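S.K.: Pasting a structure below so you can have a look.
Coordinate-derived values only; no laboratory data. Bear in mind the structure is a predicted one, so any value in this text is a computation, not a measurement. Neighbour counts are summed over all protein chains in view; Cβ atoms, including those assigned to glycine, are modelled from backbone coordinates with ideal geometry.
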2 protein chains.
Amino acid sequence: MEAEFLRWLRERLPPHPRLKLGVGDDAAILGFAGEPACVVTSDMLQQGVDFRLEDVSPELVGRKALAVNLSDLAAMGAWPVGVVISLALPRANALSLAQRLYLGILPLADQFAVAVAGGDTGTWEGPLVISVTAIGELRGQPPLTRSGAVAGDAILVTGEFGGSLLGHHLQFTPRVQEAIELRQAYSVHAATDVSDGLLLDLWHIVQASRCGAELDTARVPIAADAIRLAAEGHRQQTALEHALGDGEDFELILAVPEKDAKRIVADQPLEVPVTRIGEIVAGSGLWQRDRAGGRRPLEPRGYEH
Amino acid sequence: MEAEFLRWLRERLPPHPRLKLGVGDDAAILGFAGEPACVVTSDMLQQGVDFRLEDVSPELVGRKALAVNLSDLAAMGAWPVGVVISLALPRANALSLAQRLYLGILPLADQFAVAVAGGDTGTWEGPLVISVTAIGELRGQPPLTRSGAVAGDAILVTGEFGGSLLGHHLQFTPRVQEAIELRQAYSVHAATDVSDGLLLDLWHIVQASRCGAELDTARVPIAADAIRLAAEGHRQQTALEHALGDGEDFELILAVPEKDAKRIVADQPLEVPVTRIGEIVAGSGLWQRDRAGGRRPLEPRGYEH
């Protein structure tokens, strides 16, 4: 089935200027435009854990497998270059399943000009696994790591949070373009993408940067789906709690120097809103500011893998 | 379990000069010494398909998952730089299994100075999947593809063939160093590694190069394990048939201009023997030469994925 699938796939892979050598040899060759360094990330989706094929089409599973990897590249401020994709396919209907996965992958790869540089495909008696490795380039710029935040930075976020399980987690646009536009026009000290949950991913930044964060939780942009979940009594949580903890929003959290943060919020240079939700502070931990000028601790809850 | 495993792993990953940013951020960053292009390959091993944990230790499974990827880099004439590794782990005993896989991976990574640049780890009810993506560099040299063979080239092979299932397929040394040494001192037109079988992988070269190959099958180096299998009546095949078709030898097949081939065979510059087994010819197909100067077709049989 692999040979037939590779034939099918090759016909659908347009030539890509960065793909110096594509599917069909022992390995693929990717060209880089910038300095000789590459950013590499890998995320895997497992049937029954990350998705159920009873609930989700293979096209959306394929799309998501690529999108979460592109979101990681965005969080590094990297330009996507290429991906390799490994599929462990349930034997029954393997070819059709592989094709439908790619029918979700290819349009997104095309949208972000990402070269599909091969991978591996096997069939078996087990459930579906799709493992994607994405490679990006920095074009001479420093990466946006989690460890660069300093006290006094503003905490900015793109988009809205919460209720992702109602559909956003399958349909989101990775913030590749947004990260690149911000890093080119403004100074950005640290960044990550929200997969585990807004608080938990912010906690990753403050841990890596050895600092703390104070949030004005009233400013956290709440998605309509978070309000819907709260109205339905989902997990007995408020809409804000959904926004802070649900995860899979795949928005960016950015630590930005005060001056640049003011400009970004005033300019609103992206298609998606950028909102200031707090500040990086000396010390450690996550804190919610109250109106009296005090603060109380926030639990970094979210989706723990 | 992933957090605990990552802590365990991080303590065992030595600093690597090429790993500009390692495990723990949204992605890893690999530095390249050569021109801005990288070679990327991905191979996945599936429990019950590629191995059975009843027969093989997790350490050997981990080692093999890395080794087959390094063999693909060798087949491209690339220097290994880094790998990312995704694991789908059966929930029972997942941590211990992940650790034992890495106890097989890390010594081989160290032997070839390969940076382990992260990956993804998940647990589930399904069988074990280990997917490795390896990234290599060309240091300004052209890649050794399958498509560069021309009529008149000699066909050289490293090592011996057949009977790999008796143990070699788990213990082999990827021919990374050998490929680099050959390409640096001699002209090499085309190369591949033998995973599917000597004939089938040679057939990949002649197909990609739009030519044919004539073999003197009496010269094919036969491994002792191929002789053992034949003596045991395994599949009613001769030792030569095992050598031509078994696969997973992970030796190199090289198409080399006559003059360089003569030098290589005379010099024997590698620790492993290099043997001339035939010539690339105009036309197409695989042929066995007979003593009368005639030829008869060889079936490109081997392990079809």
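S.K.: Which distances, shortest first and in nm, link residue B:291 to the matching position in the other copies, using label points set 7 Å out along Cα to C-beta?
M.R.: Shortest to longest, the spacings are 10.3 nm.
S.K.: Among B:256, B:194, B:281, determine the one that fluctuates most according to a GNM of chain B built with springs between C-alpha atoms less than 10 Å apart.
M.R.: B:281
S.K.: Explain nothing, just the number: dipole magnitude of chain A about its Cα centre with +1 on each Lys and Arg Cβ and -1 on each Asp and Glu Cβ, in debye rounded to the nearest 20. Show your work: numbers first, answer last.
M.R.: Details: 27 positive and 40 negative charges, 95 e Å.
Roughly 460 debye, rounded to the nearest 20.
S.K.: Return the loop-located trypsin sites (Lys or Arg not before Pro) in the range B:252-305 (DSSP other than H, G, I, E, B) with at most 14 other Cβ atoms within 10 Å of their own Cβ; answer none if there are none.
M.R.: Values: sites: B:259, B:262, B:263, B:276, B:289, B:291, B:295, B:301; in loops: B:291, B:301.
Sites meeting the loop and neighbour criteria: B:291.
S.K.: From the residues B:213, B:244, B:198, which one has its Cα farthest along the dipole of the range B:183-247 in the positive direction, the dipole being from +1 and -1 charges on Cβ of Lys/Arg and Asp/Glu about the Cα centre?
M.R.: B:213
S.K.: While we're looking at this one, here's another question. At 7 angstrom along the Cα-to-beta-carbon line, where would the label on residue A:140 sit relative to the other copies? Give the distances in nm, shortest first.
M.R.: 2.1
S.K.: Taking every DSSP beta bridge with both residues inside chain B, roughly what % is antiparallel (nearest 5)?
M.R.: 70
S.K.: Here's a follow-up. Say each of residue A:271 and residue A:301 gets a label point 7 Å from the Cα, pointing the same way as Cα to Cβ; how far apart are those two points in nm?
M.R.: 3.5
S.K.: Is any residue of the range B:70-107 close enough, with backbone N under 14 Å, to a label point placed 7 angstrom from the Cα of residue B:53 along the Cα-Cβ axis, and if so, which?
M.R.: The answer is B:87-102, whose backbone nitrogens lie closer than 14 Å to the label point.
S.K.: Quick one: net charge around residue A:212, please, counting Lys, Arg +1 and Asp, Glu -1 for every other residue with C-beta under 11 Å from its C-beta.
M.R.: 0
S.K.: Quick one: go through the range A:140-159 and flag any residue whose amide nitrogen is under 20 Å from the point 7 Å out along the Cα-to-Cβ line of residue A:185.
M.R.: A:141-142, A:144, A:154-159
S.K.: Right, something else. Which whole DSSP H helices in chain B pass both tests: a Cα extent of 18 Å or more along the axis and a mean Kyte-Doolittle value no lower than -1.0?
M.R.: Numbers: long enough: B:58-75 (26 Å, 0.51); B:94-111 (26 Å, 0.76).
The qualifying helices are B:58-75, B:94-111.
S.K.: Tell me whether the range A:171-305 comes out rounded, prolate or oblate; compute the Cα gyration tensor, take square roots of the eigenvalues as a ≥ b ≥ c, and use a/c under 1.5 as the rounded threshold.
M.R.: Values: a/c = 1.57, a/b = 1.18, b/c = 1.33.
Oblate.
S.K.: How would A:196, A:249, B:43 line up from fewest to most surrounding beta-carbon atoms within 10 angstrom? Don't jump to the answer; show the numbers that get you there.
M.R.: Details: A:196 23, A:249 30, B:43 26.
Ranking A:196, A:249, B:43 by Cβ neighbours within 10 Å, fewest first, gives A:196, B:43, A:249.
S.K.: Tell me what chain A gives for mean residue ellipticity at 222 nm when only DSSP H runs of n ≥ 4 count, each as -39,500 (n - 2.57), the sum divided by the residue total, rounded to 500 deg cm²/dmol.
M.R.: Numbers: 9 runs with 98 residues, N = 305.
Dividing the helical sum by the residues of chain A leaves -9500 deg cm²/dmol.
S.K.: Sticking with this one: Counting only GluC sites (Glu not before Pro) that are in a DSSP loop and have at most 13 other C-beta atoms within 10 Å, tell me the longest site-free stretch of chain A.
M.R.: Result for the longest clean stretch: A:126-231.
S.K.: Taking a point 7 Å out from Cα toward Cβ as the label site, list the nm distances between residue A:171 and the same residue in every other copy, smallest first.
M.R.: Label point to label point, same position, other copies: 5.7 nm.
S.K.: Now for a different question. What is the sum of charges, Lys and Arg at +1 and Asp and Glu at -1, for the other residues whose Cβ falls under 14 Å from the Cβ of residue A:297? Let's see the in-between values first.
M.R.: Numbers: positive: A:289, A:295, A:296, A:301; negative: A:214, A:290, A:299.
The answer is +1.
S.K.: Decide, for chain B, between rounded, prolate and oblate: order the square roots of the alpha carbon gyration tensor eigenvalues as a ≥ b ≥ c, take rounded if a/c falls under 1.5, and otherwise choose prolate if a/b is larger than b/c, else oblate.
M.R.: Values: a/c = 2.47, a/b = 1.51, b/c = 1.64.
Taking the square roots of the gyration eigenvalues as a ≥ b ≥ c, chain B is oblate.
S.K.: Which shape class, rounded, prolate or oblate, goes with the range B:106-247 when its Cα gyration tensor gives a ≥ b ≥ c as root eigenvalues, a/c under 1.5 marks rounded, and past that a/b bigger than b/c marks prolate?
M.R.: On the way: a/c = 1.92, a/b = 1.12, b/c = 1.72.
Oblate shape, in that a/c is at least 1.5 and b/c is the bigger or equal ratio.
S.K.: What average count of beta carbons from other chains do you get within 10 Å of the Cβ of residues in A:78-91? Mind dumping the intermediate values first?
M.R.: Values: counts 3, 0, 0, 2, 2, 3, 9, 3, 10, 2, 10, 1, 1, 1.
Partner-chain Cβ atoms within 10 Å, mean over residues of A:78-91: 3.
S.K.: Under unit Cβ charges (Lys, Arg +1; Asp, Glu -1), what dipole magnitude, rounded to 20 debye, does the protein assembly as shown have relative to its Cα centre? Please list the in-between numbers first.
M.R.: Details: 54 positive and 80 negative charges, 164 e Å.
Around 780 debye, computed over the protein assembly as shown.
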